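Working notes, beginning with the structure itself.
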Amino acid sequence: MMWVLFALLSAFFAAVTSILAKIGIEGINSNLATAIRTVVVLIMAWGIVFVTGTQSQISDISRKSWILSGLATGLSWLFYYKALQMGEASKVVPIDKFSVVISMVLAFLILGEKITPQTVIGGILITAGTFVMIL
């Protein structure tokens, strides 16, 4: 059940990131803010890779995986920072977190994960909550 702790920590730091990003990009081009954030994340991530000694696994990752995942992440961050710059964090963040529902649908369609009543109800509630938050 450690994954639950890690997921909660991810949610917490994503929330902190949103608020700090909104404060930090005031008056700054959103693309520049994304580039700076990316450099910091890159340094931190590679530091963890080398500290844990997992750099030898790099050859196990397919080139297609690197490119597609990297493009998706980059586009997500660029659009997120632009939306944060233009809109209110309290409205941008719920829309961004709608990615949960999109991820669930993609997990069912692409990964073949099992559809359960709980996931369907949860997805409906997240969708409803997203729309309530942005109105």
(request) Determine the pairs where a residue that is hydrophobic (A, V, I, L, M, F, W, C), located within segment 27-55, has a partner that is open to solvent by less than 60 Å² (accessible area, probe 1.4 Å) and assigned to a loop (DSSP other than H, G, I, E, B) with Cβ atoms under 6 Å apart, the partner being 6 or more residues away or on another chain. (result) Ala33/Ile25
(message) Being under 17 Å from Phe13 (Cβ atoms) and of a type in the set (D, E, K, R) is the filter here; which residues of segment 29-85 pass it?
(response) Arg37
(message) Taking the conditions exactly as written (among the small types (Gly, Ala, Ser), without any contact (Cβ under 8 Å) to a residue 24 or more places away in the chain, in a helix (DSSP H, G or I) and surrounded by 10 or more Cβ atoms within 10 Å (Cβ to Cβ)), does Ser10 satisfy them or not?
(response) yes
(message) Residues that are charged (D, E, K, R), closer than 28 Å to Thr127 by Cβ and either at pLDDT 90 or above or out of contact with any Cys (no Cβ under 6 Å at 6 or more places or on another chain) (or both): does segment 59-66 have at least one?
(response) no
(message) Within segment 77-121, take every residue that is polar (S, T, N, Q), under 25 Å from Ile23 (Cβ atoms) and more than 14 Å from the chain's Cα centre (by Cα) and give me the one that is surrounded by the fewest Cβ atoms within 10 Å (Cβ to Cβ).
(response) Ser90
(request) Note down all Cβ pairs under 9 Å where the first residue falls in segment 77-89 and is of a type in the set (Phe, Trp, Tyr), the second is buried (at least 16 other Cβ atoms within 10 Å of the Cβ) and in a loop (DSSP other than H, G, I, E, B), and they're at least six residues apart or on different chains. (result) Tyr81/Ile25
(request) Show the residue pairs that are 6+ apart or on different chains and have beta-carbon atoms under 6 Å apart, the first residue being within segment 111-132 and under 13 Å from Phe98 (Cβ atoms), the second being part of a helix (DSSP H, G or I) and of a type outside the set (Gly, Ala, Ser). (result) Gly123/Val101; Gly123/Met104; Ile126/Val100; Ile126/Val101; Thr127/Val101; Thr130/Pro94
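Conditions tested, residue by residue: (1) in a helix (DSSP H, G or I); (2) surrounded by fewer than 12 Cβ atoms within 10 Å (Cβ to Cβ); (3) not hydroxyl-bearing (Ser, Thr, Tyr).
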{"residue": "Ala15", "(1), (2), (3)": "yes, no, yes"}
{"residue": "Ser18", "(1), (2), (3)": "yes, no, no"}
{"residue": "Ala33", "(1), (2), (3)": "yes, no, yes"}
{"residue": "Arg37", "(1), (2), (3)": "yes, no, yes"}
{"residue": "Leu42", "(1), (2), (3)": "yes, yes, yes"}
{"residue": "Ala45", "(1), (2), (3)": "yes, yes, yes"}
{"residue": "Ile48", "(1), (2), (3)": "yes, yes, yes"}
(message) When you scan segment 59-76, do you find a residue that is under 18 Å from Val16 (Cα atoms) and surrounded by 10 or more Cβ atoms within 10 Å (Cβ to Cβ), even just one?
(response) yes
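The values are calculated or read from the model by the stated rules, or taken from the named source; none is laboratory data. These figures come from a predicted structure and were not determined experimentally. A quick note on method: Cβ atoms are made from the backbone with ideal geometry, for glycine too, and the neighbour counts reach across all protein chains shown. Heavy atoms of the whole protein, side chains included, go into the accessibility calculation; ligands, DNA and RNA do not. Shrake-Rupley method; radii C 1.70, N 1.55, O 1.52, S 1.80 Å.
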